[in-house]
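Everything on this sheet refers to the single structure shown next.
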Amino acid sequence: MTEKQSVISARNLDLTFQTNDGPVHALKDVNLEIKDGDFVSFIGPSGCGKTTFLRVMADLEQPTGGTVTVNGVSPEEARRQRAYGYVFQAAGLYPWRTIGGNIRLPLEIMGVPKSEQAERVNRVLELVELAGFEKKFPWQLSGGMQQRASIARALSFDADILLMDEPFGALDEIVRDHLNEQLLHLWERTGKTIAFVTHSIPEAVYLSTKIVVMSPRPGRITDVIDSPLPKDRPLDIRDTPEFLEVAHRVREGLRAGHQDD
Amino acid sequence: MRRSVVPVLSVVGFLLVMWYAAAVWLNAPWAYDKATRSGEVLTTSTLVADTWSQEKPKLPAPHQVGKEIWKTTVEKKITSKRSLIYHSWVTLSATLLGFVMGTGLGILLAVGIVYNRTMDMSVMPWVIASQTIPILAIAPMIIVVLNAVGISGLLPKAMISMYLSFFPVVVGMVKGLRSPDQMQLDQMRTWFASKSQTFWKLRLPASMPYLFTSLKIGMAASLVGAIVGELPTGAVAGLGARLLAGSYYGQTIQIWSALLMAAALAASLVGIIGIIQRVTLKRMGMA
Ligand SMILES: Nc1ncnc2c1ncn2[C@@H]1O[C@H](COP(=O)(O)OP(=O)(O)OP(=O)(O)O)[C@@H](O)[C@H]1O
Ligand SMILES: [Mg+2]
């Protein structure tokens, strides 16, 4: 096997927000290597900088120290190349566009030819199991379906990297389980590199090849766990001892981060 | 639709009853005057009959106004100087021209304010200041100045309409163009969308509900502007001219018929925008 290529690489990353109440140290000395095809979860208490880290990768936030590269280039260059799809916590579909229209939006912006747009919309709708909903408006869909549509939108232009910030945070557990399973299938089929923020330990362990545990004030990485679980993961893998062991280690990491306070 | 018919009709009925009662009350002194001078004694029914049929009543009864409107619309050629339809058209044309100009100006200013920091800081105070000056004070000046440079007729009135109607459009559109939240703007950034793409695909469609609300207010304001614009110059045509002439000669029936015509005009114009709003937003999936 050849050595997998590094897709995202953070070196001594620092980010301090200047606020009216003084500086907030959102990221301190963060080092991380994400390789091609990895599924990396970020987990940690509220305010530990998970979103900020993801936003730095997406060039939505500028680090105040250190460097990040995405596909070997700066985040800005990567954004210019449309190297990643970003899924926000809220689906954020445009109410005045149909599901198909929403998925077509980034394609229109990127100047994809019309004939190809239709074909791509169909393909990603199939991928998130929403075929047949193309002509519906967002309000005609459930929250979980809307979130799937927003994932389809992020997939439509076929970027190799998917950045997801608590995409299932607002959904109930049953829907969430289902979407987790679908997401794993999708990742397997497409071979994309995924960075995924979550608050849920089972979700992180179930999905990831690598789990990054973070802690707040200042936001930093306290543990990076490479999952020993096989790539093929039925939902009931969550009852196996291996799974519980990883979950335990994540919990320990989170607790250790808290005790520093 | 059908559910609103009964309440609307009862309100209209109530207003008519109040109107007739008020006509009796306000016109009774004149009726008594006349009776005393001719030595007649008024019974209740002759009093009521008289107060509802005077030639220059303080408050004309609804049927008098109705008859006048009928006479001056249906029974007059629309080219006649005495046709209310002719006068309405004169006012309507200025209203529409002013509305179009005001809407255009309003949208342009709003885009400038949203996209340009300097304009954001500098234009809005002037826009607000412009509306604190009473239109009655500024209307004659606009008319006189424009007349002096040889512009007369439709355009000066339309300018006053524009002056009144651009304001709600600016305020509404600034709010509408700024209605997309940070996440939606960030999303555009992740797709490396250009400024103009963000405008056409996000800001503009998001502002549509705000725009239509503003257009309704702007249209009503525009009509007021056109009527006000007809007052200071002693214009010979238009609903404003009818109001003015009516008040010179104490023709209250004529005043009220012009007033009702103006109200009907305003209601239809705003109603038309409401229909366009409903159809557009429905097709956009927003209603
Ligand atoms: N734009 C900003 N300006 C100022 N401070 C900010 C900004 N964005 C985030 N912060 C601060 O940076 C810290 C990290 O925030 P961040 O949103 O990354 O946390 P998070 O781990 O995503 O939390 P959560 O789990 O609640 O989403 C917090 O203290 C937050 O208040
Ligand atoms: Mg967050």
Taking r as the C-beta separation of B:S4 and A:E129 and R0 as 30 Å, the FRET efficiency to the nearest 0.05 is 0.10
Tell me the per residue accessible area of chain B using a 1.4 Å probe; a whole number in Å² is fine.
54 Å²
Where does helix B:252-283 land angle-wise versus the long Cα axis of chain B, in degrees 0 to 90, nearest 10?
30 degrees
Computed over all unlike Cα pairs, the Kirkwood hydrodynamic radius of region A:59-141 in Å stands at 14.8 Å
When all Cα-Cα pair distances of chain A are considered, the percent exceeding 24 Å is 49 percent
Can you order the peptides A:14-27, A:220-233 by their average number of other Cβ atoms within 10 Å per residue, highest first?
A:220-233, A:14-27
Rh_Kirkwood(region A:93-158) over Cα pairs, Å, one decimal, evaluates to 11.3 Å
If one takes the longest principal axis of the Cα atoms in chain B, at what angle in degrees, from 0 to 90 and to the nearest 10, does the Cα axis of helix B:154-177 lie?
50 degrees
How large is the charge dipole for chain B, taken about the Cα centre, if only the Cβ atoms of Lys, Arg (+1) and Asp, Glu (-1) carry charge, to the nearest 20 debye?
780 debye
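Assuming R0 = 56 Å, can you tell me the calculated FRET efficiency for the pair A:K231 and B:T213, based on Cβ-Cβ distance, to the nearest 0.05?
After rounding to 0.05, the efficiency reads 0.55.
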Taking 0.36 nm per intervening residue step and subtracting the Cα-Cα distance, what contour gain separates A:K136 from A:T64 on full extension?
21.6 nm
Grab every C-alpha pair in region B:84-283, bin the distances at 10 angstrom width from 0 up to the longest one, and report whole percents.
9, 30, 30, 18, 9, 3, 0
Just to check I understand the Karplus step: with θ = phi - 60° and J = 6.51 cos²θ - 1.76 cosθ + 1.60, what whole-Hz values come out for region A:65-76, glycine and proline as x?
x, x, 9, 10, 10, 10, 6, x, 10, 5, x, 5
Which residue, B:L231, B:G13, B:S93, has the largest displacement toward the positive end of the dipole of chain B when charges sit on each Cβ (Lys, Arg +1; Asp, Glu -1)?
B:S93
Table column - 3J(HN,Hα) (Hz), region B:86-91, Karplus curve with 6.51, -1.76, 1.60, x for Gly and Pro:
4, 5, 4, 5, 4, 5
Each label point is 7 Å from the Cα along the Cα-to-Cβ direction; what then is the distance between the points at B:A148 and B:K76, in nm?
3.5 nm
For chain A, the helices passing both cut-offs (Cα extent along own axis of 15 Å or more, Kyte-Doolittle mean at least -1.0, full DSSP H runs) are A:99-109, A:114-127, A:143-155, A:173-190, A:241-259
Neighbouring partner chain Cβ atoms per residue of A:79-85, average, 10 Å criterion
2
Keeping the other protein chains in place, figure out the carbon and sulfur percent of the accessible area of the protein assembly as shown, with a 1.4 Å probe.
61 percent
Shielding of B:190-197 by other chains, given as the mean Cβ count within 10 Å, works out to 6
Choose one of A:Q140, A:V197, A:G65: the residue whose Cα lies farthest towards the positive end of the charge dipole of the protein assembly as shown (beta-carbon charges +1 Lys, Arg; -1 Asp, Glu; about the Cα centre).
A:Q140
Cα-based Rg/(2.2 N^0.38 Å) for region B:2-59, rounded to two decimals, is 1.49
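Could you give the length gained on full extension between B:S93 and B:S268, defined as 0.36 nm per residue of separation minus the Cα-Cα distance, in nm? Let's see the in-between values first.
Working: separation 175, 0.36 × 175 = 63.00 nm, distance 1.43 nm.
Length gained between B:S93 and B:S268: 61.6 nm.
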Between 0 and 90°, nearest 10: helix B:117-132 axis offset from chain B longest Cα axis:
10 degrees
Estimated D of the protein assembly as shown in µm² per second, where Rh is the Kirkwood radius over Cα pairs and Stokes-Einstein applies at 25 °C, 0.890 mPa s
85 µm²/s
Note: A:105-114 gets an average of partner chain Cβ contacts (10 Å, Cβ to Cβ) equal to 3
Over region B:222-287, what portion of Cα pair distances is larger than 20 Å, expressed as a whole percent?
42 percent
Between A:T190 and B:S179, take the C-beta separation as r, use R0 = 30 Å, and let me know the FRET efficiency to the nearest 0.05.
0.30
Want the number for A:E252 to A:N31: 0.36 nm per residue separation, take away the alpha-carbon distance, what's left?
77.5 nm
Region B:49-199 -> Rg/Rh from Cα coords, Kirkwood Rh, value 1.19
With θ set to phi - 60° and the Karplus curve 6.51 cos²θ - 1.76 cosθ + 1.60, what are the ³J(HN,Hα) couplings of region B:18-26 in order, to the nearest whole Hz, using x for Gly and Pro?
4, 4, 4, 4, 5, 4, 4, 4, 6
How far apart, in nm, are the 7 Å Cα→Cβ label points at A:N12 and B:V279?
6.6 nm
Is it possible to state the helix-based mean residue ellipticity at 222 nm for chain A, with each DSSP H run of 4+ residues giving -39500 (n - 2.57), the sum divided by total residues, to the nearest 500 deg cm²/dmol? What is it?
-11500 deg cm²/dmol
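The values are calculated or read from the model by the stated rules, or taken from the named source; none is laboratory data. In this text, all values refer to a predicted model and were calculated from it rather than measured experimentally. Note: ideal-geometry Cβ built from the backbone for every residue, glycine included; neighbour counts use all protein chains shown. Calculation scope for accessible area: heavy atoms of the full protein, side chains included, ligands and nucleic acids excluded. Shrake-Rupley method; radii C 1.70, N 1.55, O 1.52, S 1.80 Å.
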